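Scroll down for the structure; my scribbles are underneath it.
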Amino acid sequence: LAHPDARVFPNAIPLVDMPRVPESSTIVFSGNLEYHPNIEAVRWIARELQPALTTQIPELHWHLVGRNPHAVEPLLHGRTNMHLTGPVDDAIAAIAAARICVVPLLSGSGTRFKILEAWAAGRAVISTTIGAEGLGAVSGQHLLIADTTSDFVAAIARLWKDQDLRRRLGAAGREYYERNFTWDAVWRQFDNSGGL
């Protein structure tokens, strides 16, 4: 922007206590399932990621959480290990019940709330570059970045088996959320920038 006093503040969510629930044998993807980039992501999961992982991790189940599940239901035909949860009262609690949160977005832009919610839940995240755009997150520190089918499958398989890495990424993501993406954190940034 050409304005001499332009300041940018991140999207944020309220600070919430981290849910204390055990991991299940699930991977979660969340969002408005009628939004075209989310439909595209579900198509990639169903056609590429899930088939490639079935033999490697036969116990794996996918939970697709969010409004408008009818929009992606045809993509899941015949896939018994993919479940449409639909809308939930508490997305963070739903995400916390999973072992891994994925953000396989191939297009679009937006709020990145699905990653903030996963970090708030203390869960490890695997995202494409575009899925994590604008958050300043570092791959291997706050999450894992994978942009191809083979890389995404490898990242899931690695995280699935490595509990220490899941815990480390989950804890780092939680700390990054608390420091940068809560309402209080954004208000502090606003105050430190000189306010209005």
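Any residue at all in the stretch 22-38 that is outside any loop (DSSP other than H, G, I, E, B), within 23 Å of Ala155 (Cα to Cα) and open to solvent by 20 Å² or more (accessible area, probe 1.4 Å)? Lay out the reasoning, then the answer.
Taking the stretch 22-38 as the starting set, the residues that turn out to be outside any loop (DSSP other than H, G, I, E, B) are 26-30, 36-38.
Imposing the further condition that a residue be within 23 Å of Ala155 (Cα to Cα) reduces the set to 26-30, 37-38.
Now drop any that are not open to solvent by 20 Å² or more (accessible area, probe 1.4 Å), which leaves none.
Checking the stretch 22-38: not a single residue is outside any loop (DSSP other than H, G, I, E, B), within 23 Å of Ala155 (Cα to Cα) and open to solvent by 20 Å² or more (accessible area, probe 1.4 Å).
Here's a check for you: in the stretch 69-87, which residue that is out of contact with any strand residue (DSSP E or B) (no Cβ under 7 Å at 6 or more places or on another chain) and open to solvent by 40 Å² or more (accessible area, probe 1.4 Å) is nearest to Ala118 (Cα to Cα)? Full working, then the answer.
Step one: of the stretch 69-87, the residues out of contact with any strand residue (DSSP E or B) (no Cβ under 7 Å at 6 or more places or on another chain) are 70-71, 74-75, 77-80, 86-87.
Of the ones still in play, those that are also open to solvent by 40 Å² or more (accessible area, probe 1.4 Å) are 70, 74, 77-80, 87.
Numbers: His70: 23, Pro74: 26, His77: 27, Gly78: 28, Arg79: 25, Thr80: 25, Pro87: 16 Å.
Looking at residues that are out of contact with any strand residue (DSSP E or B) (no Cβ under 7 Å at 6 or more places or on another chain) and open to solvent by 40 Å² or more (accessible area, probe 1.4 Å), I get Pro87.
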### Task
Only one of these is farther than 18 Å from Arg168 by Cα, touching a helix residue (DSSP H, G or I) at 6+ places or on another chain (Cβ under 9 Å) and open to solvent by less than 40 Å² (accessible area, probe 1.4 Å): Ile92, Ile130, Ile115. Name it.
Ile92
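Among the listed residues Val8, Val21, identify the single one that is of a type in the set (A, V, I, L, M), more than 25 Å from Ser109 (Cα to Cα), out of contact with any Gly (no Cβ under 9 Å at 6 or more places or on another chain) and at pLDDT below 95.
Values: Val8 fails: more than 25 Å from Ser109 (Cα to Cα).
Val21 is the lone residue from the list that is of a type in the set (A, V, I, L, M), more than 25 Å from Ser109 (Cα to Cα), out of contact with any Gly (no Cβ under 9 Å at 6 or more places or on another chain) and at pLDDT below 95.
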### Message
Going by what's in this entry, would Ser193 be described as touching a residue at least 24 places away in the same chain (Cβ under 8 Å) and open to solvent by 10 Å² or more (accessible area, probe 1.4 Å)?
### Response
yes
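May I ask you to list the residues in the stretch 40-56 that are of a type in the set (A, V, I, L, M, F, W, C) and farther than 12 Å from Phe29 by Cβ? Explain how you work it out, then say what you get.
Going through the stretch 40-56, the residues of a type in the set (A, V, I, L, M, F, W, C) turn out to be 41-42, 44-46, 49, 52-53.
Ala52, Leu53 - these are the residues of the stretch 40-56 that are of a type in the set (A, V, I, L, M, F, W, C) and farther than 12 Å from Phe29 by Cβ.
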### Task
Pairs only if they're at least six apart or on different chains, beta carbon under 8 angstrom, first in the stretch 39-52 and open to solvent by less than 10 Å² (accessible area, probe 1.4 Å), second aromatic (Phe, Trp, Tyr); list them, first residue then second.
Ala41/Phe29; Val42/Phe29; Ile45/Phe29; Ile45/Trp62; Leu49/Phe152
### Query
(1) more than 22 Å from Glu23 (Cα to Cα); (2) surrounded by 13 or more Cβ atoms within 10 Å (Cβ to Cβ): which one isn't true of His63, the others all being true?
(1)
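Take the stretch 45-76 and flag every residue that is basic (Lys, Arg) and not in a helix (DSSP H, G or I). Lay out the reasoning, then the answer.
Here is the first cut: in the stretch 45-76, the residues basic (Lys, Arg) are 47, 67.
The answer is Arg67, and nothing else.
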### Scan of the stretch 67-90 for residues that are farther than 25 Å from Asp147 by Cα and small (Gly, Ala, Ser), ordered by number
Gly78, Gly86
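Every residue in the stretch 174-196 that is of a type in the set (Asp, Glu) and more than 12 Å from Pro14 (Cα to Cα), please. Quick ask: steps written out before the conclusion?
Just the residues of the stretch 174-196 that are of a type in the set (Asp, Glu), to begin with: 175, 178, 184, 191.
Residues satisfying the conditions are Glu175, Asp191.
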### Summary
The number of residues in the stretch 95-112 that are out of contact with any strand residue (DSSP E or B) (no Cβ under 6 Å at 6 or more places or on another chain), open to solvent by less than 30 Å² (accessible area, probe 1.4 Å) and closer than 17 Å to His36 by Cα is 3
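The values are calculated or read from the model by the stated rules, or taken from the named source; none is laboratory data. This is a predicted model, so every value here is computed, not measured. Using ideal geometry, Cβ is built from the backbone for each residue, glycine included, and neighbour counts are taken over all protein chains shown. When the accessible area is computed, the model is the full protein with side chains, heavy atoms only, and any ligands, DNA or RNA have been set aside. Shrake-Rupley method; radii C 1.70, N 1.55, O 1.52, S 1.80 Å.
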